[in-house]
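Novice: First, the structure itself, so that you have it in front of you.
What follows draws every value from the coordinates through simple rules; no lab data is involved. Since we're looking at a predicted model, the values are computed, not measured. Every residue, glycine as well, gets a Cβ built from its backbone with ideal geometry; the counts of neighbours run over all protein chains shown.
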Amino acid sequence: MTDTTPFKTRRQRLAESMRQRGGGVAVIATAPEVPRNRDTDYPYRPDSYFYYLSGFPEPEAVVVVDARGETPRSILFCRDKNEEREIWDGFRHGPAAAAERFGFDEARSFASLDEAMPGLLADAPAVFCALAETNAADSQLQRWLSAVRAQARAGVGAPAAAWNVHALLDEMRLVKDGVELDTMRRAARISAHAHVRAMRATAPGLREYEIEAELLHEFRRNGSQFPAYGSIVAGGRNACVLHYRENDAVLRDGDLLLIDAGCELDGYASDITRTWPVNGRFSGPQRELYDVVLAAQAAAIDATRPGARFTDPHDAAVRVLAQGMIDAKLVSGTLDGVIESGDYRRFYMHRTGHWLGMDVHDCGEYREPGEAAAAGGDKPWRVLRPGMVLTVEPGIYVRAADDVPAAYHDIGIRIEDDAVVTASGCEIITGDVPKAAADIEALMRAR
C-alpha cells in the first residue's frame, strides 16, 4: 500500500500558501480520458498537478482543498463503484474506499460535483483553480459561481478573487521531496539500463525503430508505465533534427546514432541522451566533436550547484562549445566575439537544460518570481537550490553546408544527464550509462 503521507503533506502545504493570499477553496481536476479512434482511448495518465496532490490514478476525479478555518480540509470527488463497468474497464475505488486509501478527509461521488461545489465555494474569500486552461473548466466554474451569487439575498457571499492554483503548485513542485527524488532515481536507473541495452543492440543495417524497441522493452520490463516522451532515435543526418520523430531510417556504417529517450515511473520522468557510432568506432572528426560536447557537459555539471543561477551551466557549456567550433573551423573569430555575436548558435541552438519532474519539461519559473527586473531588463535567472532537478544537455549539430568542412557533415551529437542539486553541488542520477568515448567503444566491442 502506497504511503499517503507525502500527498497529505502537499495538500497541507498548498493550504498554507492559500492562506498567505487570504485563504479560500482550491479545485484541481485530473485529466480527461482522450479518444484515440472510434471506441478506443489513449492509455490514461492523470493530470500531473492532480496526481501530485492525491496519488489517485482514476479519471473523472477532482481534489478540493478548503483552507478556511484552523485545520484545512481535503475532499476527493471520484467515480462511484460500478460492478458492470469494472467487468469491462477494471477496478474502481469508489468514494468510501478512496477516502481511506488516499488519506482524504472526505470523498464524494463525482456525479455530485456540480451540485456540491456552490456550497463549498459559498463565503470563500477566493477560489484557486486552473485559470483559462480549458473553456469547459472555465464554463463549469462560471456556473458554480453564478449559483453562489444567486444566494446573495440570503446572505451568502461569492469568492471575491480568483487565483491560478498552478502558480502555487509550480513553486512547490520545483523543489522535490525525498519520495519524489527516490522515484526519479529509480526512473533514471531504468532509462540508463535501456540506453546500455540499445548500445549493445546497435549495428549497421538495422532500422532506428528496431533500437527503439530495445528501449521500450527495457522500460516496461522494469516497471515503467510509459515512455516519458516520444523517443528520438536518430541516425546520421537525422540527429541534426532536434525533435526527430520518424525513427524508421536504416542505420548506416560510419554514422552516429543519437538517442534521446527516458521512461516515466509512477508519474515521474527521466531524460537521457547519448550518441554513439553505429559500427562501434568513432571516426576522427566524430571523436573530435564528441569530446568537445563531453567537455562542455562536464563544465556545465561543475556549474550546477546551489547558489548558482539557472543559466550558469548553459554559459559554462557555451564557452567550451564555442572554442571547440573555432578549433574545428566551423566558426571564426575570438571566443568572446563568437559568443557575443551568437555565431555558435548555428551549431548549438538550444539551452543546456530544463526542469525535470512529473513532466519531462517540468513546471516552475526559470526567473526569480520575487525579484524585480532591472530597469528595462528581465528578472534575474532562478537561483538553484537543493532538491531542484534539471537536465544538463549540450550538443553540436552540423548539417551539410558549403562553408563547413566536409569531414563534419551530418554529425549531430548531444549528451544529456539528469542532475539533482545537492547541498554541495549536484548528483548525476543517470550515470549508469557510459558517455566517455572510450567506454562506449569498449561496451560495443564486448557485444
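Novice: Anything in the chain that counts as a DSSP H helix reaching 24 Å or more along its axis (C-alpha) with Kyte-Doolittle mean of at least -1.0? List them, would you?
Specialist: Details: long enough: 178-201 (35 Å, -0.27); 284-302 (27 Å, 0.22).
Flagged H segments are 178-201, 284-302.
Novice: For segment 71-191, divide the Cα radius of gyration by the Kirkwood radius and give the resulting Rg/Rh value with two decimals.
Specialist: On the way: Rg = 18.4 Å, Rh = 17.4 Å.
My calculation of the ratio gives 1.05.
Novice: Oh, and also: Ranked from highest to lowest mean number of other Cβ atoms within 10 Å per residue, what is the order of the peptides 130-140, 198-208?
Specialist: Details: 130-140: 13.0, 198-208: 17.7.
Final packing ranking: 198-208, 130-140.
Novice: Now, a different point. How many nm is it between the label spots at residue 319 and residue 91, if each spot is 7 Å from the Cα in line with the beta carbon?
Specialist: The answer from the label model is 5.5 nm.
Novice: For the chain, how big is the tail of P(r) above 33 Å, as a whole percent of Cα pairs? If you can, show how the numbers build up before the last one.
Specialist: Details: 44772 of 99681 pairs.
In whole percent, the share of Cα-Cα pairs in the chain beyond 33 Å is 45.
Novice: Using the Karplus curve 6.51 cos²θ - 1.76 cosθ + 1.60 with θ = phi - 60°, what ³J(HN,Hα) values do you get for each residue of segment 30-45, in whole Hz, with x for Gly and Pro?
Specialist: Each residue of segment 30-45 in turn: 7, 6, x, 6, 10, x, 8, 6, 6, 10, 10, 10, 5, x, 7, 9 Hz.
Novice: I would also like to ask the following. Determine ³J(HN,Hα), in whole Hz, for all residues of segment 409-426 in sequence, where each value follows from phi through the Karplus function 6.51 cos²θ - 1.76 cosθ + 1.60 and θ = phi - 60°; x replaces Gly and Pro.
Specialist: Ordered by residue, 3J(HN,Hα) equals 4, 6, 9, x, 9, 9, 10, 10, 10, 9, 10, 9, 5, 10, 5, 10, x, 8 Hz.
Novice: Taking amide hydrogens as modeled 1.01 Å from N in the peptide plane, which residues meet the under 5 Å criterion relative to residue 251, leaving out close sequence neighbours?
Specialist: Residues meeting the criterion, in which the H sits 1.01 Å from N, are 205, 206, 207, 208.
Novice: Which residues does a label at residue 423 reach in segment 286-323, if reach means a backbone N under 14 Å from a point 7 Å past the Cα toward the Cβ?
Specialist: Under cut-off, by backbone N: 306.
Novice: When a footprinting reagent is the concern and you count Cβ atoms within 10 Å, what order do 114, 291 take, fewest first?
Specialist: Numbers: 114 12, 291 15.
So the residues, fewest neighbours to most, are 114, 291.
Novice: Using +1 at the Cβ of each Lys and Arg and -1 at the Cβ of each Asp and Glu in the chain, identify which of 44, 67, 135 lies farthest towards the dipole's positive end.
Specialist: 67
Novice: Could I ask something else about it? Which residue, chosen from 28, 394, 325, occupies the Cα position most advanced towards the positive end of the dipole of the chain, where the dipole is computed from +1 (Lys, Arg) and -1 (Asp, Glu) charges on Cβ about the Cα centre?
Specialist: My answer, from the dipole projection, is 28.
Novice: Would you mind ranking 263, 426 so that the residue whose beta carbon has the fewest other beta carbons within 10 Å leads the list?
Specialist: On the way: 263 32, 426 26.
If I rank by nearby Cβ atoms, fewest first, I get 426, 263.
Novice: If you find the alpha carbon centre of segment 39-109 and of segment 224-244, how far apart are they in angstrom?
Specialist: The distance from the Cα centre of segment 39-109 to that of segment 224-244 comes to 34 Å.
Novice: Next question, about the same structure. With N set to the residue count of segment 231-352, report its C-alpha Rg divided by 2.2 N^0.38 Å to two decimal places.
Specialist: Numbers: Rg = 15.9 Å, N = 122, 2.2 N^0.38 = 13.7 Å.
Cα Rg divided by the expected 2.2 N^0.38 Å: 1.16.
Novice: Quick one: Debye curve from the alpha-carbon atoms of segment 272-426 only, equal weights, vacuum; give me log10 I(q)/I(0) at q = 0.08, 0.14, 0.17, 0.18 Å⁻¹ to two decimals.
Specialist: Debye curve over Cα of segment 272-426, log10 I(q)/I(0) at q = 0.08, 0.14, 0.17, 0.18 Å⁻¹: -0.26, -0.74, -1.01, -1.09.
Novice: When each pair of different Cα atoms in segment 11-129 is counted once in the 1/r mean, what is the Kirkwood radius in angstroms, to one decimal?
Specialist: On the way: mean 1/r = 0.0662 Å⁻¹.
Result for segment 11-129 stands at 15.1 Å.
Novice: Once amide H atoms are placed 1.01 Å from N in the peptide plane, what residues at a sequence separation of 5 or more from residue 411, or on another chain, have their amide H within under 5 Å of its amide H?
Specialist: Placed amide hydrogens put 398 under 5 Å from residue 411.
Novice: Related question: Count the lysine pairs in the chain that are 8 or more places apart or on different chains: how many have C-alpha atoms under 25 angstrom apart?
Specialist: Details: 8/81; 8/176; 176/379; 329/435.
Taking the chain as the scope, the lysine pair count is 4.
Novice: Moving on to the next point. Please list, in order along segment 225-241, the HN-Hα scalar couplings obtained from phi with the Karplus expression 6.51 cos²θ - 1.76 cosθ + 1.60 (θ = phi - 60°), rounded to whole Hz, x for Gly and Pro.
Specialist: 3J(HN,Hα) across segment 225-241, in whole Hz: 7, 8, x, 6, 6, x, 5, 9, 10, 10, x, x, 5, 4, 5, 8, 9.
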